[in-house]
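Derivation of every value follows stated rules applied to the coordinates shown; laboratory data play no part. Treat the numbers as computed from the prediction; the structure is a model and nothing was measured. Neighbour counts run over all protein chains shown; Cβ positions are idealised from the backbone, glycine included.
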Amino acid sequence: MINYIWGGLMTVSIAAAFLFGRVEEVANAAMQGATEAVTLSLSLLGVMCLWTGIMKIAQHAGVIALFSKLLRPLTRFLFPRLPRDSEALDAIVMNMVANIFGMANAATPLGLKAMKELSRISKSQVASHEMCMFAVINTASLQLIPSTVIALRQGASNPYEIIIPVWIVSVITLAVAVTAAKLFALKE
């Protein structure tokens with residue numbers, strides 16, 4: 001459906017450009033937008049490569065294992081039905097650590113691995129409570145360093161001024177989301 005909406009918007013825009021004699025402006029805007037999209041993608045790719053590399057170094061240095069131990073009581077509370085030695089739990093912890101450090105792009109493969117493991121464990125076509133809880137935590141993640149947003153704000157006078165608001169919103173969102181997920185899990 002979204003393809004039809006976007007297609008309709010582009011068709012109407014091009015038709016309006018022809019109708020009002022602004023074809024050149026629309027063509028220039030399209031080229032400028034394409035150029036800016038490539039520039040943005042490359043700058044975000046650089047940030048993603050940097051943080052993915054840092055994550056690999058942290059993993060090999062044992063920092064991830066340390067965070068895993070620190071987060072284990074929390075993950076036991078959030079995912080009480082998962083076995084303690086579960087690969088899903090390890091992937092969830094790594095995903096949480098990546099999100100905490102603002103490495104959303106690096107967290108994505110870890111999130112996919114965690115969801116795949118959770119799906120394998122549940123052996124059901126319906127999302128389990130653990131899968132729902134993980135989706136909630138991953139979506140409303142707490143970020144100490146919102147690196148993607150900071151990278152997007154690099155032209156601003158102070159790109160780091162959003163850190164405190166991000167912390168506040170992240171904590172509130174995460175608390176509400178986890179509470180809601182726990183309450184829905186209790187209803188069953």
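Some observations on this one:
- Nearest-ten-degree value, helix 23-61 long axis tilted from longest Cα axis of the chain: 20
- Between 0 and 90°, nearest 10: helix 104-122 axis offset from the chain longest Cα axis: 50
- The calculated FRET efficiency for the pair Thr11 and Ile162, based on their C-beta separation and a Förster distance of 45 Å, comes to about 0.75.
- Computed over all pairs of different Cα atoms, the Kirkwood value for the hydrodynamic radius of the chain is 19.3 Å.
- Between the helical axis of 87-100 and the longest alpha-carbon principal axis of the chain there is an angle of about 50 degrees.
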